[in-house]
Amino acid sequence: MPQPISTQNLTARIDRLPPPLPAAWAARLRMHTGIENIIGRIQQRHYRFRDTVAWPSLRRIGVGDQLLDAARVRHGRIFDRVYDAARTAHWYV
């Protein structure tokens, strides 16, 4: 998720303030960008585990492709929302 509009507007205002406030604000933004990248990596690893370990294991024990396809849709619907909420929430913490 990109920065919320309020953060962008606040950044423009803080950039006009005397030092060291702009530098401190820039450090805060770098931290949040780093956190967002971490959330993305966690999501990638989660989905990679699902695709390379969990789903193939379920196939080997006899779970049908139709059931796995339906589960993939539900899984994506649920966890995409979780990761999007984490990305949004971290900007406000």
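Please give, to one decimal in nm, the separation of the simple spin-label points placed at ILE78 and GLN44, each 7 Å out from Cα toward the Cβ.
2.5 nm
Toward the positive end of the charge dipole of the chain, about the Cα centre and with charges on Cβ (Lys, Arg +1; Asp, Glu -1), which of VAL82, TYR47, VAL63 goes farthest?
VAL63
Between GLY64, GLY76, GLY34, find the one with the highest GNM mean-square fluctuation for the chain; connect C-alpha pairs within less than 10 Å.
The residue with the greatest mean-square fluctuation here is GLY64.
If each DSSP helix of 4+ residues adds -39,500 (n - 2.57) and the sum is divided by the residues in the chain, what number results at 222 nm, nearest 500 deg cm²/dmol?
Values: 4 runs with 71 residues, N = 93.
Helix-only estimate at 222 nm: -26000 deg cm²/dmol.
Per residue, how big is the convex hull around the C-alpha atoms of segment 30-77? Give it to me in cubic angstrom, could you?
In segment 30-77, the Cα convex hull volume per residue is 52 Å³.
Let me check against my output: what whole-number percent is the relative contact order of the chain, with C-alpha pairs under 8 Å and at least 6 apart?
Over the chain, the number comes to 45 percent.
Quick one: putting +1 on the C-beta of Lys and Arg, -1 on the C-beta of Asp and Glu, what dipole do you get for the chain around its Cα centre, in Debye to the nearest 20?
140 debye
Using a 1.4 Å probe, how large is the accessible area of LEU58, given in Å² and rounded to the nearest 10?
60 Å²
Calculate, for the chain, the solvent-accessible area per residue in square angstrom, rolling a 1.4 angstrom probe over the heavy atoms of the protein chains.
71 Å²
Report, please, the projected area of the chain averaged over directions, based on the convex hull of its C-alpha atoms, in nm².
6.8 nm²
Based only on the alpha carbon positions, what is the Kirkwood hydrodynamic radius of segment 11-51, in angstrom?
For segment 11-51, inverting the mean 1/r across all distinct Cα pairs yields 12.0 Å.
The values are calculated or read from the model by the stated rules, or taken from the named source; none is laboratory data. No experiment lies behind these values; they were computed from the predicted model shown. Virtual Cβ from ideal backbone geometry, glycine too; neighbours counted across all protein chains shown. All accessible areas refer to the heavy atoms of the entire protein, side chains included, with ligands and DNA or RNA removed. Shrake-Rupley method; radii C 1.70, N 1.55, O 1.52, S 1.80 Å.
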